[in-house]
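The values are calculated or read from the model by the stated rules, or taken from the named source; none is laboratory data. Computed from a prediction, not measured in an experiment: that's the story for all the values here. Note that each Cβ is placed from the backbone with ideal geometry, even for glycine, and that neighbours are counted across all protein chains shown.
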Amino acid sequence: MLDVEGRGHGSFCDGVSRRDFLRVGSLGMGGISLPQLLQAEKATGAGSSNKAIIMVYMAGAPPHQDLIDPKPDAPKEVRSEFGPIRTNVTGIHVNESLPMMAKIMDKWTGIRTLVGAPSGSHDSFMCYTGRPGSAFFDRSYPKPPGNWPSIGSVVSKLLGTKTPGMPPFVGLAPKAGHPPYGSPGESGFLGASHGPFRPSGPGRADMDPKPVGALRIGRRRSLLSGFDSFRRELERGNELEQVDAFTQQAFGVLTSSQLGDALNLDNEDPKIRERYGKGDPKNVGDGAPRNNEHFLLARRLVEAGARVVTLNFGRWDFHSNNTAGVKGHAAIFDRGLSALIEDLHERGMSDDVAVVAWGEFGRTPVVNKNGGRDHWPQVGCAFVAGGGMNHGQMIGATDRKVAEPAERPVQIGEVHATLYEHLGVNPHATTVSDLSGRPHYLVDDWKPVSELVG
């Protein structure tokens, strides 16, 4: 987390608090300092791409049969209350719960046969890492020391900062009663220096350097300079002596108003804000909010230079009264996601920005005695847009009861491979090393989704 204020207690002899040192110093942890990374980027030309990812975690697992996989001829005990409606692509229907998405079907792709969840444990881990299992509950899938990092952290490590003053990885999720519902994606073995910046959390005030004052800014500048001098002393002979300009650029990440400007919706066209709507900024139970302004903030952040932005939407865990739950969530989600997709197209950003929305699994075919749908890891759904990919299609087909893939199951890891390829990173030729020094490829042996990129 980037922190300018430094509110810790206890200080070293120069008056700099221990917390100040740890927070600013974290820029240099994980094997490479930010100034070093910026220098390397300039030398190689890497990291200049405008490609970005917006990932929407539909916390609690959405009911696939009530969103994009209507089966009007299914048995009564499994049939959705939300019947099929036509989209603007001939032959494709979605549920009537998503009328706005239906009107722009040509601009996105639905995956009706998403698989890869080995259990019914609630966790955002699978969505953010592309790995099976759970960060907290499922131990059937092996985890390296420090655990797997999210895609945002991997991108931060590999590509670094694109725009001075803008963190490469931003997570919009506020805290939630169930921690995985409020997770923006963890840094795992890559360490805190590659974790998400969370403007909804305690770092919100850090985005505006104005309240800090010249004296504190000078202290932070002196501290950062001292920290990098210490690193260079340890690394003599590695040709890192000429990094003064990059040290100043790294300090800009701490003091620039770039991030604050991107998050200031007062700067946005009122008509655009109206298109997205506000939704509901309050958390749903122990889940995430249905905050449509987060969709707009995500667009503003990638436009300003963030590489990966994650946001968490709602609490789709409808074990009772599924119909009411879908009505309360789908209408807000429909408006926010459709507005984001259209906005990216109108701004000429749709080829550069890939959007993915999904949950950790699907819901049971049979509606239970309480009118709800329970956990169903056998199949789920996903929404994919942008990225210069092939859209206006539905990938995969489920059986008559919407219970199992009947054709073309799509692994979560395949989607992650697609996202890395979109960023220009070969997930099968690129590695990151865990805490023991062992290198790992970015995904398991999954290829990009051919229907999207073929």
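A few remarks follow.
- Residue list for the stretch 291-333, restricted to those being under 21 Å from G372 (Cα atoms) and crowded, with 23+ Cβ neighbours inside 10 Å: F313, G314, R315, W316, D317, F318, N322, G325, V326, H329, A330, F333
- Pick from the stretch 119-168, criterion more than 14 Å from Y441 (Cα to Cα) and aromatic (F, W, Y), ranking: modelled with the highest pLDDT: Y128
- Candidates A403, A330, A397: the one that is of a type in the set (A, V, I, L, M, F, W, C) and either modelled with pLDDT under 95 or closer than 30 Å to S200 by Cβ (or both) is A330.
- Residue in the stretch 369-389 that is in contact with a Leu (Cβ under 7 Å, 6 or more places away or on another chain), within 25 Å of D445 (Cα to Cα) and surrounded by fewer than 18 Cβ atoms within 10 Å (Cβ to Cβ) present: no
- Pairs with Cβ under 7 Å, 6+ apart, first in the stretch 400-412 and more than 12 Å from W446 (Cα to Cα), second in a strand (DSSP E or B) and among the hydroxyl-bearing types (S, T, Y): E404/T398; P405/T113; P405/T398; A406/T398; R408/T113; P409/T113
- Within the stretch 187-203, being part of a loop (DSSP other than H, G, I, E, B) and either in contact with a helix residue (DSSP H, G or I) (Cβ under 9 Å, 6 or more places away or on another chain) or under 16 Å from F125 (Cα atoms) (or both) holds for S187, G191, G195, P196, R198, P199, S200.
- Residues within the stretch 48-61 that are in contact with a helix residue (DSSP H, G or I) (Cβ under 7 Å, 6 or more places away or on another chain), of a type outside the set (A, V, I, L, M, F, W, C) and outside any strand (DSSP E or B), tallied: 2
- Every residue from the stretch 110-130 that is part of a helix (DSSP H, G or I) and out of contact with any strand residue (DSSP E or B) (no Cβ under 8 Å at 6 or more places or on another chain): F125, M126, T129
- Residue within the stretch 334-353 that is in the same structural domain as T161 (by TED's automatic domain parsing), without any contact (Cβ under 8 Å) to a residue 60 or more places away in the chain and among the β-branched types (V, I, T) present: no
- Among residues of the stretch 369-395 that are closer than 17 Å to H422 by Cβ, those with a beta-carbon under 8 Å from a residue that is modelled with pLDDT under 95 at least six positions away or on a different chain give the pairs N390/G454.
- The residues listed here are P164, P180, P174, P184; of these, the one that is of a type outside the set (K, R), farther than 24 Å from S436 by Cβ and part of a helix (DSSP H, G or I) is P180.
- Enumeration of residues in the stretch 62-109 that are assigned to a loop (DSSP other than H, G, I, E, B) and of a type in the set (S, T, Y): S80, T87, T90, S97
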